[in-house]
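Accompanying notes for the structure given below.
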Amino acid sequence: MKQRTLLFVKPDGVRRGLIGEIIGRIERKGLRIVAMKMLRFTPELARKHYEEHVSKPFYPALEEFVLSGPVVAMVVEGDDVIELTRAMMGKTRHTEAAPGTIRGDFAFSTTENLIHGSDSPARAEIEIANFFTDAEIVG
Ligand code: IDP
Ligand code: MG
């Protein structure tokens, strides 16, 4: 089923010069990037995007991290793209992410784990609208 998802390279990925590596994997997989931009999170966007985590003990560190530098956000389209990109990202915890996944190959921290990807069609729709206007989706 054709779907869209919201991905972003987190500030650690931008700082470490891994934007190209991560976008390259998405392109080489054959997925279609239909929108992309570099931006900085605001505290408001962080609370909106991570609403399910706001009350958790790790949230302050997570917010500080996502505000620590620019991110590169994109909307990616493809068959079952949500499940597919979650598999390409690897598990959340750096210790559990399998080699061959983005996190498994590059992450050495659970907080700083390089990439975000929506985890359901309902979340993808909300997250895409948090980051992009309809006019910015040009692909
Ligand atoms: P996901 O990014 O794999 O979907 P979520 O559980 O939605 O993982 O958590 C969102 C983000 O919050 C993670 O990617 C990571 O940056 C951070 N995070 C999640 N769980 C922890 C934790 O236990 N300690 C520290 N940071 C965490
Ligand atoms: Mg998540």
* Answer yes if at least one residue in the range 24-33 is more than 12 Å from Lys10 (Cβ to Cβ) and within 16 Å of ligand 2 (Cβ to nearest atom), and no otherwise. => no
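Per-residue answers, yes or no, for (1) under 13 Å from the mean Cα position of the chain (by Cα); (2) not in a loop (DSSP other than H, G, I, E, B):
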site: Glu27; (1), (2): no, yes
site: Gly30; (1), (2): no, no
site: Met38; (1), (2): yes, yes
site: Glu44; (1), (2): no, yes
site: Ala61; (1), (2): no, yes
site: Ala73; (1), (2): yes, yes
site: Glu77; (1), (2): no, yes
site: Arg86; (1), (2): yes, yes
* **the range 42-60 residues that are hydrophobic (A, V, I, L, M, F, W, C), paired with ones that are open to solvent by 60 Å² or more (accessible area, probe 1.4 Å) and in a helix (DSSP H, G or I) (beta carbon under 6 Å, 6 or more apart)** => Val54/Arg47
* Taking only pairs six or more apart or across chains, which ones have beta-carbon atoms under 8 Å, a first residue in the range 17-39 that is touching a residue at least 24 places away in the same chain (Cβ under 8 Å), and a second residue that is open to solvent by less than 30 Å² (accessible area, probe 1.4 Å) and in a loop (DSSP other than H, G, I, E, B)? -> Leu18/Leu114; Ile22/Leu114; Ala35/Phe132; Lys37/Phe132
* Looking at the range 116-130, which of its residues are within 15 Å of ligand 1 (Cβ to nearest atom) and outside any strand (DSSP E or B)? -> Ser118, Asp119, Ser120, Pro121, Ala122, Arg123, Ala124, Ile126, Glu127, Asn130
* Condition broken by Asn113, with the remaining ones in (1) within 8 Å of ligand 1 (Cβ to nearest atom); (2) under 16 Å from Val14 (Cβ atoms); (3) out of contact with any helix residue (DSSP H, G or I) (no Cβ under 7 Å at 6 or more places or on another chain) satisfied -> (3)
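Rundown of residues vs (1) within 13 Å of ligand 2 (Cβ to nearest atom); (2) open to solvent by less than 40 Å² (accessible area, probe 1.4 Å); (3) touching a residue at least 60 places away in the same chain (Cβ under 8 Å), yes/no style:
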position	(1), (2), (3)
Pro70	no, yes, no
Glu83	no, no, no
Thr92	yes, no, no
Ala97	no, yes, no
Thr110	yes, no, no
Pro121	no, no, yes
Ile126	yes, no, no
Asn130	no, yes, yes
Thr133	no, no, no
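The values are calculated or read from the model by the stated rules, or taken from the named source; none is laboratory data. Keep in mind the model is a prediction, meaning the values are calculated, not measured. Neighbour counts run over all protein chains shown; Cβ positions are idealised from the backbone, glycine included. For the accessible areas, the whole protein counts, side chains as well, though only heavy atoms, and no ligand, DNA or RNA atoms are used. Shrake-Rupley method; radii C 1.70, N 1.55, O 1.52, S 1.80 Å.
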